[in-house]
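Structure first, then comments.
The values are calculated or read from the model by the stated rules, or taken from the named source; none is laboratory data. It should be emphasised that the depicted structure is a prediction, and the values quoted were computed from it without experimental measurement. Heads up, the Cβs are rebuilt from the backbone with ideal geometry, glycines too, and the neighbour counts pull from every protein chain shown. Ligands, DNA and RNA are stripped out before the accessible areas are found, and what is left, the full protein with its side chains, is counted by its heavy atoms. Shrake-Rupley method; radii C 1.70, N 1.55, O 1.52, S 1.80 Å.
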Amino acid sequence: MIEFKTVTLCDKPWVDEIVRTEGSRSADYNFGNIYIWDSRYRQLIARAGDRMLTKLRYEGRPTFVFPIGSGPLRPAIETLREFAAAKGYEPFCLRGITEEHRALLESEYPGRFSFTEDVDNADYLYEAERLATYAGKALHGKKNHCNRFEAENDWRFVPLTRELIPGCLDMLDVWTEENADRLFRSIVYEHTAIVRAFAAFEKLGLEGGVLYANDRIVGFTLGELCCEDTFDVHFEKAEGGLNGAYPMTCRELTRMLTAKYPKLRYINREDDMGIEALRRSKESYKPAYLLKKYTARWIGE
């Protein structure tokens, strides 16, 4: 039977290899996300040939993730089913199923899975070119906020480095305290994930930027490439009371990335976790599309 193990930084090379092979725009499979959210989802991983097997806890129950990678799919699924049966995990479930994964499962196991859309877990995908300029009527408000920010502040946006992390953590502590009542328990997990990301910033290969206004940090953001044409933004924080701080942080990161990665087409700003305020915020940036996710449940013969 397969043996799952806790994710460590030593796993990054082989996980990255499989993620590159998968080439998905989904935020679910990046090594950085798996590693930094360990306290929330308790993700365990194992390698089965050229595929990655992942076990996690979601809403207090053990479940699995689609085995990304290359090579035959059925042996990986059967390995997971065998493990689930031995542990008494019923029904056998796979989360994070994209449309492409759904098609593969239906082809390999016709009629054996039922699929339920996880609306709260859909990723918001944006055209990088639009976020870099806020061009067009739909984003005119964002552009106006940036214009006002630029007019009212002596500002700069610089790449995130180790030396800037203490200042970002100070800002994060203030932000967390100010938003604790609004975001309840999720904010605790997020704060832990951000601290974990900063602690292993270089080893995780994360990239980001810091926004200054009048020599004071008022925003920061960080993430990683999830495939050749898509950058996954793990976190974006800014002073909510400072007009334009959020759209400036988003715009400047996108400009920095598009200059560095000529093939970059999309920015994945991840899901809204079912939080209405976060959903409205993500919708206000006018996504190009939502990358839908499903839960697949085994129904057998």
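Some notes on this structure:
- Ellipsoid fit via the Cα gyration tensor, the chain: semi-axes of 36, 20, 18 Å, each the root of five times an eigenvalue, largest first.
- Cα-based values for segment 35-163, radius of gyration first and Dmax second, are 21.4, 63 Å.
- Helix 245-260 and the long axis of the chain differ in direction by around 70°, with both axes built from C-alpha atoms.
- Cross-link partners of residue 5 among lysines (Cα-Cα below 24 Å; sequence separation of 8 or more within a chain): 55, 87, 203
- Distant-in-sequence amide contacts of residue 289, defined by a placed amide H-H separation under 5 Å and a gap of 5 or more residues or a different chain, comprise 125.
- Lysines with Cα under 18 Å of residue 286, excluding same-chain neighbours fewer than 8 positions away: 137, 142, 143
- Residue 1 accessible area, assembled protein chains, probe 1.4 Å, Å²: 130
- Expected-Rg normalisation [2.2 N^0.38 Å, Cα atoms] applied to segment 199-301: 1.26
- For segment 27-44, the residues whose backbone nitrogen is under 15 Å from a point 7 Å from the Cα of residue 14, taken along Cα to Cβ, are 44.
- Whole-number D in µm² s⁻¹ for segment 205-258, Kirkwood Cα-pair radius fed into Stokes-Einstein, 20 °C, 1.002 mPa s: 187
- For the chain, a Gaussian network of Cα nodes joined below 10 Å ranks 165, 267, 68 by mean-square fluctuation, and the top entry is 165.
- Tilt relative to the chain, helix 186-199 - C-alpha long axis, 0 to 90 degrees, to 10: 80
- List 157, 198, ordered by accessible area with a 1.4 Å probe, largest first: 157, 198
- Nonpolar atom fraction for the chain, defined as the carbon and sulfur part of the 1.4 Å probe accessible area, stands at 50 percent.
- Solvent exposure, largest accessible area first (probe 1.4 Å, DNA, RNA and ligands not counted), of 145, 191: 145, 191
- In the context of the full set of protein chains, residues of segment 17-88 present 41 Å² of accessible surface per residue (probe radius 1.4 Å, heavy atoms only).
- Angle between the chain longest axis and helix 99-108 axis [Cα atoms, degrees, rounded to 10]: 10
- Residue among 164, 206, 257 with the largest mean-square fluctuation in a Gaussian network model of the chain, springs linking Cα atoms under 10 Å: 164
- Taken one residue at a time, the phi angles of segment 132-144 give Karplus couplings (6.51, -1.76, 1.60, θ = phi - 60°) of 7, 10, 6, 6, x, 4, 4, 10, 4, x, 4, 5, 5 Hz. Gly and Pro are set to x.
- Taking amide hydrogens as placed 1.01 Å from N in the peptide plane, the amide H of residue 92 sits under 5 Å from those of 298, each at least 5 positions away in sequence or on another chain.
- Reachable lysines from residue 292, criterion Cα separation under 18 angstrom, eight or more residues apart if same chain: 282
- Over segment 147-301, accessible surface divided per residue gives 47 Å², non-protein components excluded, 1.4 Å probe.
- Equivalent ellipsoid semi-axes, segment 1-109, via Cα gyration tensor eigenvalues times 5, rooted, Å: 19, 18, 14
- Cα gyration tensor shape of segment 130-272, rounded if a/c is under 1.5, else prolate or oblate by comparing a/b with b/c: rounded
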